[in-house]
Every structure is written in C-alpha cells, then in structure tokens.
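Right, one structure below, let's go through it.
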Amino acid sequence: MQAPDLPATPYDEVPYPSGLFPQTHPNRLATAAYLRGMSPAPIDRCRVLELGCGSANNLVSMAFQHPGSEFVGVDLGQVPIASGEAIIAELKMHNVTLKAMDICDLNPDEFGTFDFIIAHGVYSWVPQRVRERILEISRELLNQQGIAYISYNAYPGCHFRDLVRHMMCFHTQKFEGVDEKATQARALIKFVAESRIKPDYYTEAFRSQLARLEKYQAESLYHDDLSPSAQPFYFHEFIEAAERHDLKYVGEAVQDASDQALFTDETLRRMAELEAADEIVREQYKDFLCGTGFHQTLLCRKETQLSATFPDERIPELFAECDSVAMSDPKQAGAAPVEFKSPRGGKVEITHPVWRTGLSYICSQWPCSVSFEQILNHVKQTEPGKSVEGGSGNEAATIASALKQSYLAGVVSLRIRPPDVMNRVSERPAISPLAQAQLRLGTSISTQLHRSMKLPDAASKHFLSLLDGTRDLDALTAEMIAFITSARAETEGERPAEDAGIEAGVKERVKNNLVSLMRSGMLVA
Ligand SMILES: C[S@@+](CC[C@H](N)C(=O)[O-])C[C@H]1O[C@@H](n2cnc3c(N)ncnc32)[C@H](O)[C@@H]1O
C-alpha cells in the first residue's frame, strides 16, 4: 500500500540494512508474557503490528512461519516498503500488509487491534511527538492480553556513545556521502583513541567505542550514530512515559544473562537485597551497575494482571532449547562436573546427575526445542533411580527447578511453541521456500530460528540455492565441483586439468557445510 504524497525520507535515500530480530518474534514475546502469568494469544492465530518496520524483513519472515496469523507493518519510507512488497509478491503471501505512512497518522479503525506490537530501533530516533504516538498506539491498539515490545537507547551506557556521537556529527557535517561520512567518523574516533603516549580514562572510552564502530555497516552508522536525533533514556524515564499512557512493565525481551562472575561478592549480596525492592527501582540499579546502553522492554495494558512471583507450574508446559555443547558424556562423568560451552564463549559446569543428563539431552537436540516430557523421559531412561540427592526422588521437580534457574541465568531458552526446524541432515536436504526466495531477490536470508544467515561468498550462495530437497550428497558434490571448476576457469582464463583429489575434498566440505547449516537452523523437513 503506497501513500503517494509522502516526501522522501533519509531512509529512502540511504536504505537501512534490513535485519531479523529474534527477540521480537511472537514466540519470544508470548513466552515472556506467559511467564509473567499472562494468557497471550496463540502465535499461530494472532495479529502482529510492526511500527517503523523498514523493508519488513523481520515481519515477512515471521509471517511466513505463521500463515494463520496476520501481520501489518508501517514505515514512513516508501523505498523500504516497496522492497518489502517485492518479497511478499514473490512469495504470494496473503497474511502480511505493508503501508508507507507516518506512525502519527495510524488510525485504529483502519487496522483493528493487535496481540503483539513491535517498535524496534525506532523510539530513540524519532521526534518526541512520534515517541508519544508509539506509546499511545501501544495502548490503544493492544489487546487485553497483548504485549508491546519497544527498544530504545539507554543511559547510563549511552553516555559513552553520546561522547563520540556528538563529535562525529560535528566532524562529518562537511563531508558528502554515506561511505565518506562513516570513514571520517571512524577516523576521528581512532585518532583520539590513539592520541596519548599513555592511554588514560578518556582514550579508553574512545577505544571501546571504536571497537563498536568498526563492526558497524556504514549505512547503520549513518542512521544510528550520525542522525541528529538519537535520544537515549534512563529506564525509569521510559517507564514513567509508558505509565502516562496506562501501560505497565512486563520485563525485558532478552533474558538477562549478566555475568555473575564479573561482580564482587559484596556487590552480589547488595543486588540480592534489591530483589525485594520495587521491580522498576531494581532494574534501574541493575542498569547503573551494568552500564546498560540498550533496552528491549515489554509492556502490557495497566489493568492486565501479572503474577507477583515466577509461575513455576508453567515451566513444564514450555519447550526448552540450548545451543551449548556438552564437553564430556554425563554417563562417563562419575562424580565430576560436566562442562557446557556456548558458542558465545560462556561456560557452565553441572554436577547434579539428573540435570547434567537433562541439559546434555537438550543441547543434543539443538536447533530443535524439546518438551518437558521428552527431557523427563530421557532422564528416567538414562539415570534410573538417580533422582534428587537427599530429596524426594522426584526427577520432574529437579528438572523444572533447574530449567527455571538456567532460563533466568540465560543458559537455556524457553519457548511456548517449538520452531519448525531440523536437527539432522536428511538424505536430500532443503532450505525453506522463504530462504529460496530471499536468495533469488538478493535480500538477507532468514533461518528457521528467525536469525539472519550471512553468506560470505558466491560459492555459499550457490550451495544454498542447490538445497531444494532434490539433491543427495553425491549430486550436491557434483554440482559444487562444476561450480568451482567453472569459477576457476573464469579467473584463470582456461579450463584447469581435472583434479583427481578434488572430489573427496569437496564431498567433505559439503558434509561439513550441511551440518553447519543444520546447526544454524537453516534446514527444513
Ligand atoms: C533505525 S530504522 C529501524 C528499522 C527497523 N525497525 C530495524 O530495526 O531494522 C527506523 C525506521 O523508522 C522509520 N520511521 C521513522 N519515523 C517514522 C514515522 N514517523 N512513521 C513511520 N516510520 C518512521 C524509518 O523510516 C526507519 O525505517
């Protein structure tokens, strides 16, 4: 849906890199709501609104996974909306509607009400009147058991970001073009970071900001840091604004995994004392301690009932997943702990026989999620009779309690619905029709876990395009050999002699790539 009278915006002139945000997925939002005692709408029959959706990559990918739900996205930029509409047309989807329009003009009568409202990367980058409207919509258009997700830059962490942002804005005024502005912005911060013979507190701040800026795409840096409006808020300020609109705090979309090992015993003791304090006060002090710079806050209507304590009884109704790897076999571990390593570098050691067997089973099923019953059955078969040490002999209670602690510590994720994904490589592997269409259109690729898949080169793209469920390992190997040979012929100008050893090497690479794609959640049944 186009609105022809909208003026071009900076996002029309410089497209914002489109991303996927797993933390905004209805599965995550519904799980967080459920664990606060709410009764969220079923995610396969719900209505989702995304404000400032850009090219709607996030929304389209969710809509594709949930054909029985309805998705609406609005954005001021006509170019990003048109690019989202191209993929909707390619996939012949009927459950997602995009409209180029100002959030301020959004009329409840036109769109109805929603179970989930998402505003990711918008609130801090728009004028005050738009911010107020985002909160107003989050109230007016939200169903009674609905959840609104709003992310924003936060203080105190963003004081450091502001320090370099203001200088970069001043310095880049005189340069033209996104790439030149980004290059000049980074160069200034590098110059200051490396200016002292002996680094001090000032240059240390620049160094850490430089590390952040170096990872940033030029277009994101241009819109996020060089934008004249990039307003951070203290958590309590945001909550006060939300409360003025009769909204209430539910929690954060990303389960807090703040590393306890960073803090002194005294700090941990003082933080534990705060557990009894008001939730908003506690979260604010946590931000002071951790230097939080970004929030992904979940809100509901003020009158919606939330449980005051964690609803333990709901844990067995959820599905668990964990991408860590057990570093030893629990069956062989004896009394020794089993170490679990996450791909992000985190480690946990578990000694309890029931839970180390349970967690090892959950990890072994990645990227699939497993039900409580599956975990329990596995533990009972593997560890007969080894129940709670000195306890009631009740494996179910042990697993429920360990799942809760691991979820709160950010080790295990819980979901209200298991994702549609494979945890083995089938004889003729396939990626989803959505990923196939994204490949054809050259947009970013979505995994079944609602994450973006990076394809480093033409060979990776070609390999992915072959995964349509028609080729076995030999056929995939033959196609990749043909691709490599023709690519070499192109660069070397002539057809190289047949390499007898190439087949075994390529077959091995194909096998490894399939396992790595499977673990990324790219493969479907
Ligand atoms: C930083 S981008 C974020 C895009 C997307 N949500 C993401 O995180 O990738 C901000 C988006 O908000 C949109 N936007 C800004 N002001 C708006 C308004 N008043 N009404 C609708 N969209 C707006 C912009 O066009 C842009 O696409």
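The values are calculated or read from the model by the stated rules, or taken from the named source; none is laboratory data. Note that the structure is predicted; figures quoted are calculated from it, not measured. Cβ coordinates were reconstructed from backbone atoms using ideal geometry, including for glycine residues, and neighbour counts include every protein chain displayed.
Mind checking which residues of region 323-347 are buried (at least 16 other Cβ atoms within 10 Å of the Cβ) and not small (Gly, Ala, Ser)? Of everything in region 323-347, those that are buried (at least 16 other Cβ atoms within 10 Å of the Cβ) and not small (Gly, Ala, Ser) turn out to be ASP323, PRO330, VAL338, GLU339, PHE340. Considering only residues that are out of contact with any Ser or Thr (no Cβ under 9 Å at 6 or more places or on another chain) and among the small types (Gly, Ala, Ser), look in region 11-44 and name the one that is farthest from the ligand (Cβ to nearest atom). If we take residues in region 11-44 being out of contact with any Ser or Thr (no Cβ under 9 Å at 6 or more places or on another chain) and among the small types (Gly, Ala, Ser), then SER39 is farthest from the ligand (Cβ to nearest atom). Counting only residues that are outside any strand (DSSP E or B) and within 13 Å of the ligand (Cβ to nearest atom), region 45-61 holds 10 of them. Condition check for GLY177 on (1) away from the ligand (no atom under 16 Å from the Cβ); (2) in contact (Cβ under 8 Å) with a residue 60 or more places away in the chain: one failure, at (2). The residue that is nearest to GLN438 (Cα to Cα), counting only those in region 73-110 that are among the small types (Gly, Ala, Ser) and away from the ligand (no atom under 14 Å from the Cβ), is ALA86. Considering each residue of region 119-147, count those that are under 22 Å from the mean Cα position of the chain (by Cα), within 14 Å of the ligand (Cβ to nearest atom) and not polar (S, T, N, Q), and give that number. Qualifying residue count, region 119-147: 7.
Selection of region 441-486 for residues being at pLDDT 90 or above, under 24 Å from the mean Cα position of the chain (by Cα) and either farther than 18 Å from VAL510 by Cβ or hydrophobic (A, V, I, L, M, F, W, C) (or both) yields ILE445, SER446, THR447, GLN448, LEU449, HIS450, ARG451, SER452, MET453, LEU464.
Please work out if GLU70 is away from the ligand (no atom under 16 Å from the Cβ), within 17 Å of LEU142 (Cα to Cα) and not assigned by TED's automatic domain parsing to the domain that holds GLY442. Against the criterion (away from the ligand (no atom under 16 Å from the Cβ), within 17 Å of LEU142 (Cα to Cα) and not assigned by TED's automatic domain parsing to the domain that holds GLY442), GLU70 qualifies.
Quick check on my filter: what residues within region 278-313 are touching a strand residue (DSSP E or B) at 6+ places or on another chain (Cβ under 9 Å) and among the basic types (Lys, Arg)? Scanning region 278-313 gives ARG301, LYS302.
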